[in-house]
Amino acid sequence: MDPFDTLIPSFLHSFRGTLIFDGGRYVVATLLMAAVVWLVRRTPWRVRVLQARTAGWADYRREIAASARSLLVYAAVATPAVMVAFGKPPVATPGWPVVALFVLALLVAHDSWFYWVHRAMHDRRLFKAFHRLHHRSVTPTPFAAYAFNMTEAAVEALFVTLWVLLIPTPFIALFMFLGVMIIRNVWGHCGIELLPQGFADHWFWGLFATTTHHDLHHNGGFNSNFGLYFTWWDRAMGTEHPNYRAIFREVTARTGRRVGVVVAA
């Protein structure tokens with residue numbers, strides 16, 4: 001029997017499953033966060049909105065269309081790894097402390113991958129081909145989570161593909177990591193700071209990126225704040241926006257009127 005007679009149907013089957021899984025994550029996470037944003041904007045916390053500008057329907061349509069294309073790319077890049085991983089004996093599920101260590105390792109490794117490829121894509125020689133589409137969302141919405149050039153989507157998907165191929169990982173740890181990834185992604189693009197006062201200045205919690213941190217990257221801080229989950233790479237490499245913490249303090253101290261953040265480039 002020609003091996004392609006089984007390889008192609010197997011690829012298509014895995015591709016379909018991967019697309020449904022990742023598409024489901026995107027749809028559930030973006031709709032839930034959009035609902036949270038809609039509700040918060042109708043409470044006193046609406047003063048935490050980060051920009052005076054409001055995204056329009058053209059922004060939503062562009063972000064959703066680009067995210068749909070990215071999902072196709074993600075599935076295509078991930079499918080070979082899925083086929084290899086599921087073709088091996090399953091990794092035994094360890095105890096929860098070990099699972100937590102796997103998740104932490106994935107988050108640290110992915111944050112490093114994201115920081116450096118993201119920063120590289122801001123090079124003028126790469127920006128147009130890889131990252132310009134994402135930055136059309138000056139006022140991002142949760143739907144911008146996957147709104148990438150197809151080339152950028154391929155690079156972003158490559159991390160999980162390489163990890164699965166190289167490091168035997170319990171499925172539950174990978175599942176939890178993917179959950180944290182999409183939640184953090186839509187949270188970072190939601191446009192409202194929901195974390196409490198003092199968070200960004202805290203010795204420990206300040207190591208975690210906030211919505212303000214990533215929103216500044218879209219709105220005036222183009223060459224700063226490249227991290228995804230954490231702030232340590234930006235701190236170590238001198239790419240954290242110099243006014244980030246001051247702006248976070250101002251936003252989280254608001255009690256009355258809505259104020260849009262204006263950031264100098």
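What follows draws every value from the coordinates through simple rules; no lab data is involved. Small disclaimer: the values here were computed from a predicted structure and weren't measured. No Cβ is skipped: glycine too gets one built from the backbone with ideal geometry, and neighbour counts run over all protein chains shown.
Counted as membrane-span-like here are DSSP H helices of the chain whose alpha-carbon atoms extend 27 Å or more along the helix's own axis and whose Kyte-Doolittle mean is 1.0 or above; these are 4-40, 96-121. Near the amide H of T231, within less than 5 Å, lie the amide hydrogens of F208, A209, all on another chain or at least 5 residues away, with H placed in the peptide plane.
With the convex hull constructed from alpha-carbon coordinates only, region 160-265 shows a mean projected area of 8.0 nm² over all directions. In the calculated pair-distance distribution of the chain, the portion above 34 angstrom amounts to 20 percent of the Cα-Cα pairs. Highest average first, the peptides 34-45, 127-138 ordered by how many other beta carbon atoms sit within 10 Å of their residues are 127-138, 34-45.
The Cα atoms of region 154-193 cover 38, 24, 9 Å along the three principal axes, with the biggest extent listed first.
Three semi-axes describe the equivalent ellipsoid of region 45-101; taken as square roots of 5 times the Cα gyration tensor eigenvalues and ordered largest first, they are 39, 23, 6 Å. Which is farthest toward the positive dipole end of the chain among T30, H214, G191, measuring Cα position about the Cα centre, with Cβ charges +1 (Lys, Arg) and -1 (Asp, Glu)? After comparing all options, I get G191.
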